Amino acid sequence: MFRRRSQDEQVSTTAVLDDQARDPQAPKGRPTPKRSEAQGQRRRAVTTPTDRKGAARQARDARRVDMAKQREALASGDERYLPVRDKGPVRRFTRDYVDSRFRIAEFFLPIAVLILVLSIVRVGSLQTISLLLWLIVIVAIVADSFVTGFALRNQLRKRFPEQNTKGAVAYGLMRTLQMRRLRLPKPQVARGTKL
């Protein structure tokens, strides 16, 4: 088991290896890198900082690059670099479904500012109108969210019967609360598009 090989065993193994040698005319499939390039790649792969500050700086730089890729993906809709909460065909369909129609909830912020201005004015009738308008907006948003959630749930059941759609309806309803131009990832479909 732990003995040395004899000379004839070593000669036979080298003879077998020589017989199986690669044809020198056969292509390798890729160009041979220059020595300086190969050494540079090895150095880059191995260089890890030994001090805490250097490691923190390297981690911060890597995180900055990842966040830049995510921002770019949120603007362009590139599926590869999106955050985990936005990835997948279910979430893409949910975004497209919400973005393809007008929603009352997306106008909540401008209406809320208008109501706030009306309630600050010291005219009794305008304050009453602002209170009534506030009540109408809240009821309209709740009703629209209920209808949107029900219709979205049915569409998800039809289109993705085998996939996990947990959280997709809540994701879509949260997206309706954002104004269309402020939504991230940016809307990829025009209003009125049939899905």
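The values are calculated or read from the model by the stated rules, or taken from the named source; none is laboratory data. Computed from a predicted model, the values in this text were never measured in an experiment. Backbone-built Cβ (ideal geometry, glycine too); neighbour counts: all protein chains shown. Side chains are part of the model used for accessible areas, which takes the heavy atoms of the whole protein and leaves out ligands, DNA and RNA. Shrake-Rupley method; radii C 1.70, N 1.55, O 1.52, S 1.80 Å.
Data overview
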read-out	value
The range 76-87: number of residues that are within 23 Å of residue 159 (Cβ to Cβ) and either touching a residue at least 12 places away in the same chain (Cβ under 8 Å) or in contact with a Ser or Thr (Cβ under 6 Å, 6 or more places away or on another chain) (or both)	6
Qualifying residues in the range 166-195 (those that are under 14 Å from the mean Cα position of the chain (by Cα) and basic (Lys, Arg)) - the one nearest to residue 146 (Cα to Cα)	183
One residue from 144, 78, 99 being out of contact with any Lys or Arg (no Cβ under 8 Å at 6 or more places or on another chain) and of a type in the set (D, E, K, R)	78
One residue from 46, 65 being at pLDDT 85 or above and of a type in the set (A, V, I, L, M, F, W, C)	65
Qualifying position, being open to solvent by less than 100 Å² (accessible area, probe 1.4 Å), in a helix (DSSP H, G or I) and touching a residue at least 24 places away in the same chain (Cβ under 8 Å), among 73, 56, 68	73
Count of residues meeting criterion [surrounded by fewer than 18 Cβ atoms within 10 Å (Cβ to Cβ) and within 18 Å of residue 179 (Cβ to Cβ)] in the range 88-103	4
Residue in the range 105-120 that is of a type in the set (Asp, Glu), under 19 Å from residue 195 (Cα atoms) and surrounded by 14 or more Cβ atoms within 10 Å (Cβ to Cβ) present	no
Every residue from the range 132-162 that is open to solvent by less than 90 Å² (accessible area, probe 1.4 Å) and in contact (Cβ under 8 Å) with a residue 60 or more places away in the chain	155, 156, 160
